[in-house]
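Report on the following structure.
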Amino acid sequence: MENYNQTTTDFMLLGLFPSSRIGLFLFILIALIFLMALVGNLSMILLIFMDIRLHTPMYILLSQLSLMDLNYISTTVPKMAYDFLFANKSISIIGCGIQSFFFLTMAGAEGLLLASMAYDRYVAICFPLHYPIRISKRMCMLMITGSWIMGSINSCAHTTYILSIPYCQSRAINHFFCDVTVMLTIACTDTTVYEYTVFLSTTLFLLLPFIGIAFSYGHVLLAVYHMNSAEGKKKACSTCSTHLTVVSFYYGPFAYTYLRPRFLRTPTEDKVLAVFYTILTPMLNPIIYSLRNKEVMGALRRVTQRISPVKM
C-alpha cells in the first residue's frame, strides 16, 4: 500500500525548461511570445472597444476571444517564468487549485466560444438576410455568457475533485502548470471513474464543438462554391480559413492530449502539446485576426489617426 502524507501541502512543478543554455533560450523565446500575446490581445480588445464600426456580433465575439486568451496565457506563463528565474518550483495545493480553476475555465469557455464564432460565420454567409435576426446583439451576449458560465461550472467540478483527493509523498508534477490529468498520476486513490468524467468533459467542450464547427464550415464551403461574386468568394474564404487556422491550433493538440488513455501519454509529449494550446494559440489569434482582416486594419488606422497629434 502506498504511503501518502496529508500534512505536506506543497506540490513541485518540474517545469518546461531544462537547466541549461537551451533552457535559457527557450525561456527567452516563451517570454517574448508571452509579451506578444499580451500586446496583441490587449490591442484587439481596445481596438474593438474604441471603433464603433466593429461593434458587431462578429467582433464582439472576437474581443471575448482576446479576453479569454489574455487570461489563458496569464494563468500558466508567469508562474512558470517565476519558477525558472528563482528556482522555486513549489506551489501550494490552494495555489494549484486556483491555477487549475482558471485554466479549465478558459479552456472550456474558449472551446464553446470558437463554436459560437463558427455559427456566426455560418449564418452570415449561408443566411445573410436572416443574420440580423438570428445573430442579434442579445443572442451574441447569450453565447458569450453561456460560454463563461458553462466553462466555470465544468472547471469548478474538476477543481473540487482534485482538491479533495489524497496525494502521495512524492508530489512532483511533471508539467509546467497544474494539469488535472497529470495530478492524477500522483494521487493515492483509484481515479478510474474520474478519468471517465475527464473524457466526457473533453467530448462536451472540445469534440462536440469541433464537430459543430466542421458542420458549419462544410455548409459555408458549399455556399461559397455557389456564389456568383468573385469578391464575395474571396472574402468568405479568407474569413473561414482564418477561423479554421485558429481552430486547428487549439482543438487539435488539446483533444489529442485529453482524449488519450493515460497509458498512451508521456510527460514530454504532454508538455510540448500544451505549449500549442496554452501559449502559441493566445499569441497567434490576434495576429491572424488582425493581419488578415481588412476591417480590423482599417479600424487600426482610424484609431491611430484619432489619437495621434494633429499635424501642423
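Could you provide, to the nearest whole Å², the per residue accessible area of the chain with probe 1.4 Å?
Value returned for the chain: 52 Å² of accessible area per residue.
Run the numbers for Tyr196 and Ser248: contour at 0.36 nm per residue of separation, minus the present Cα-Cα distance, in nm.
16.3 nm
Largest first, how would Leu85, Leu207 line up by accessible area (1.4 Å probe)?
Sorted descending by solvent-accessible area, the residues read Leu85, Leu207.
Which sequence of Ile98, Ile22, Ile125 reflects their accessible areas, 1.4 Å probe, from the largest down?
The ranking, largest first, comes out as Ile22, Ile98, Ile125.
Under a 5 Å amide H to amide H cut-off, with H placed in plane at 1.01 Å, what residues pair with Ile173 once short-range neighbours are removed?
Met12, Leu13, Leu14
How large is ³J(HN,Hα) for each residue in the stretch 264-276, as worked out from phi by the Karplus curve 6.51 cos²θ - 1.76 cosθ + 1.60 (θ = phi - 60°), to whole Hz, x for Gly and Pro?
Couplings: 9, 9, 10, x, 4, 5, 4, 5, 5, 5, 5, 4, 5 Hz.
Give me a comma-separated list of calculated 3J(HN,Hα) values for the stretch 64-75, in order, Karplus coefficients 6.51, -1.76, 1.60 applied at θ = phi - 60°, integers in Hz, x for any Gly or Pro.
Each residue of the stretch 64-75 in turn: 5, 4, 5, 5, 5, 5, 4, 6, 4, 6, 6, 6 Hz.
What percent does the relative contact order of the stretch 108-175 come to when contacts are Cα pairs within less than 8 Å and at least six residues apart?
Taking the mean separation of contacting Cα pairs over the length of the stretch 108-175, I get 46 percent.
Just how many pairs of Lys in the chain have C-alpha atoms closer than 25 Å, counting pairs that are eight or more places apart or on different chains?
Lysine pair count for the chain: 8.
Karplus couplings for the stretch 40-48 from phi (6.51 cos²θ - 1.76 cosθ + 1.60, θ = phi - 60°), rounded to Hz, Gly and Pro as x?
x, 6, 4, 5, 5, 4, 5, 4, 5
Could you tell me what percent of the accessible area of the stretch 11-298 is made up of carbon and sulfur, with a 1.4 Å probe and every protein chain present?
Carbon plus sulfur share of accessible area: 73 percent.
Once fully extended, how much extra length lies between Arg306 and Ala31, figured as 0.36 nm per residue of separation less the alpha-carbon to alpha-carbon distance?
95.8 nm
As a test of the formula, what do you get for the chain when each DSSP H run with n ≥ 4 contributes -39,500 (n - 2.57) and the sum is divided by the residue count, at 222 nm and rounded to the nearest 500 deg cm²/dmol?
That calculation yields -24500 deg cm²/dmol at 222 nm.
The values are calculated or read from the model by the stated rules, or taken from the named source; none is laboratory data. If you're wondering where the values come from, they're calculated on a predicted model, not measured in any experiment. Note: accessible area is taken over every heavy atom of the protein model, side chains too, but ligands, DNA and RNA are not part of it. Shrake-Rupley method; radii C 1.70, N 1.55, O 1.52, S 1.80 Å.
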